[in-house]
Amino acid sequence: MQLDFFPSRTVTVYIARMFAVRIVAVMLMLVLVLQMLDLLSESGRILAAPGNGQGELLTYAGLRVPQLISRFLPYSVLLATIITLMTLNQNSEVIALKAAGLSAHQVLAPLFLVAAVTSLVTFAFNERVVVRSSAMLKAWQAVDYGPIPRDSAVKTNVWLQDGGNLLFARSVEGIGEQTRMTDVSWYRRDSAGMVTEIVRAPEATFARPGWHFSRPSGFDVQSARRLTYGADQIFAKSVHPAQVVIRKADADGESIGRLSQSIAAIRGAGYRTSELEGKWWHKLSGPLSALLMPLLGAVAAFGLARSGMLFVRAVIGMALGFAYFVVDNAALAMGNFGGYPPLLAAWAPFFLFLMIGETVLVRTEE
């Protein structure tokens, strides 16, 4: 029995089913509560847009739920781990399993199996669903919940540098020479960096070089007078469509393959990519956090329930799990600021808590 990683088929199925049911139950509880709170905070802004009603509220909920599932699924695995192990401990099932010759790792093996499947499902769900809903939701929020943009890959609130001047677009859609900007503003600046002229237009298209402003209107800051243009004008001649990818690559709204292309384009243009590289690696390490939760919550499985320490053990397991999420977010933030290399920022918390969990389990139970 000691040479087998899993216990018997019956025990494995029994524990795995119990664990999977609790993951789903805890996740549904968290998502429903958080979605209700989030909808209450955003419903005023959604309904403030002309023509919006109940349908738009349901649309917002449909776009927000995948984000909540992706973010809180690891927390659900942690809570489900503690609930499952406490139940097994209180019913003396852990004692029976250990009396049958199973090690602590074998008792936890069915949980690791379910957690591994959860990690794979989370990665696929993030790549196929979450990135699309995130891109669409950001684009919708950029237009204050007005008409939903047709292109889910729309980039919003884009700032680009035109030499010493600035170009701003409320939204940008299209790729390459087919790029189209809407609600565009161009700011001419003097040598001291002060804005001397502002030109606005409802839309702009690439003019090879520069951008063709449709129906532009201007304002001279120094003389405080409006500027009129007899026809469409060309501005921002040093801005290329590739800079849109460089400046507004959204790791949350891009799949891992598309993000790889964005990183390559940014690196090829000579810009810093450490922040995006850290998020690229985190797309792999993030879903694997579910695999750590049974190990970090394992302290709740062992020890006699009648000793009165079961609740304390559950709190310790919960503290270890939440400590991982805190350290993971802190490391990712440090990587974004350049304090850590991207690979280290994404993977160091995972391996650190893997060793902590194994150390605690081996020293106390093995």
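FYI, it's all coordinate maths here, none of it is from the lab. Please read all numbers here as calculations on a predicted model, not as lab measurements. We place every Cβ from the backbone using ideal geometry, glycine too, and count neighbours over all the protein chains shown.
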Discussion item. If you fit an axis through the alpha-carbon atoms of helix 274-296 and take the longest principal axis of the Cα set of the chain, what angle between them do you get, 0 to 90°, nearest 10?
Written reply: 20 degrees
Fill in: Cα-based helix-to-principal-axis angle, 310-336 vs the chain, degrees rounded to 10
30 degrees
Worksheet, complete the sentence: Helix 54-90 sits off the longest principal axis of the Cα atoms of the chain, rounded to the nearest 10 on a 0 to 90 degree scale, by 20 degrees
Practice prompt. Quote to one decimal, in nm, the extra length available between Phe311 and Val24 on full extension: 0.36 nm per residue of separation minus the C-alpha distance between them.
Written response: 101.0 nm
Worksheet item: Could you give the nm distance between label points at Phe168 and Ala116, where each point is 7 Å from its Cα heading toward the beta carbon?
Response: 5.2 nm
Practice prompt. Rounding to the nearest 20 debye, state how big the charge dipole of region 161-236 is about its Cα centre with +1 on each Lys and Arg Cβ and -1 on each Asp and Glu Cβ.
Written response: 160 debye
Discussion item. Within the chain, which is the longest segment that contains none of the chymotrypsin sites (Phe, Trp or Tyr not before Pro) sitting in a DSSP loop with at most 12 other Cβ atoms within 10 Å?
Written reply: 6-336
Practice prompt. Give, rounded to the nearest 20 debye, the magnitude of the charge dipole that the chain has about its Cα centre when Lys and Arg contribute +1 at Cβ and Asp and Glu contribute -1 at Cβ.
Written response: 240 debye
Worksheet, complete the sentence: Convex hull around the C-alpha positions of the chain: the volume in Å³ per residue is 177 Å³
Item to complete: Using only Cα atoms, locate the centre of region 1-70 and the centre of region 323-352, then give the distance between them in Å, rounded to an integer.
Response: 26 Å
Item to complete: Give the cross-link partners of Lys237 among the lysines, using a straight C-alpha distance below 20 Å as the criterion and excluding same-chain residues fewer than 8 apart.
Response: Lys248
